[in-house]
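Only one structure is covered here, and it is reproduced in the block below.
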Amino acid sequence: MNNIWGFTISSARVIDYDKNDRSFAQYMTDTVPSSQLCIGCGGCTATCTAGALTDFNIRKLQMLVKRGENREAGEQMHKCMLCGKCLLVCPRGVDTRRMIFAMLKYIDNQKL
Ligand code: SF4
Ligand code: SF4
C-alpha cells in the first residue's frame, strides 16, 4: 500500500518454527546423538572443503534441520564431499560425517 510519504513499510517476515515439520530433527537426534552436542562454534564450516568451493555451510545446514526447514536443508546437503575434515576439528566430538550420511539417507527416503 502506498502512502502519502512516498514509501511503504515492508510487512514483518515472521517464521513460526513451531509449525515446521520437526520429524527430520528428531530423526537426527535418534540416529546421531552426538549432533546434540553442537555449540555452533563454526569450526566445521571454517575447515569445510566443500565450503571453500561452493556456498555450502555445514553449520547453517545443522541449524536448518533443527528448525525444521527441511526443504532448504535438502537443497544444500548434496554439496558435501564427505571428506571428513569437519569431523577432525569439532571441539565437541560431533560425528559430522555420520550426521551428513544420515541426513542424505533421510533426504533420499523422504524425497525432500
Ligand atoms: S565444529 Fe562441532 S561444535 Fe562447532 S559448529 Fe561444527 S559441529 Fe558444531
Ligand atoms: S565432510 Fe562435508 S561438511 Fe565435512 S569438511 Fe568435508 S565437505 Fe565439508
query = Contour minus end-to-end for Asp16 and Thr49, with contour as 0.36 nm per residue of separation and end-to-end as the Cα-Cα distance?
reply = 8.6 nm
inquiry  = Under 8 Å for C-alpha pairs, at least 6 residues apart: give me the relative contact order for the chain, rounded to a whole percent.
reply    = 31
request  = Could you point to the residue in Asn109, Gly51, Val65 farthest towards the positive end of the range 20-110's charge dipole, with +1 and -1 charges on the Cβ of Lys/Arg and Asp/Glu respectively?
outcome  = Gly51
ask   = How fast does the chain diffuse by Stokes-Einstein, in µm²/s, taking the Kirkwood radius from C-alpha pairs at 4 °C and 1.567 mPa s?
value = 85
remark   = If every Lys and Arg gets +1 and every Asp and Glu gets -1 at its Cβ, then about the Cα centre the chain yields a dipole, in debye to the nearest 20, of 220
note = Here the cysteines of the chain without any disulfide-compatible Cβ partner under 4.7 Å are Cys38, Cys41, Cys48, Cys80, Cys83, Cys90
request  = Run down the aspartates and glutamates and flag those whose C-alpha is under 20 Å from the C-alpha of Lys85, throwing out any fewer than 8 positions away in its chain.
outcome  = Asp55, Asp95
inquiry  = Students often check this: by mean Cβ neighbours within 10 Å, which of 86-99, 24-37 ranks highest, and how do the rest follow?
reply    = 86-99, 24-37
message = With unit charges on the beta carbons (Lys and Arg positive, Asp and Glu negative) and the dipole taken about the Cα centre of the chain, which residue among Thr8, Leu87, Cys38 sits farthest to the positive side?
response = Leu87
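Taken together, the values in this text are just the output of simple stated rules run on the coordinates, not laboratory data. Everything quoted here is computed from the prediction, not taken from an experiment. As a convention, Cβ positions derive from the backbone with ideal geometry for all residues, glycine included, and neighbour counts pool all protein chains shown.
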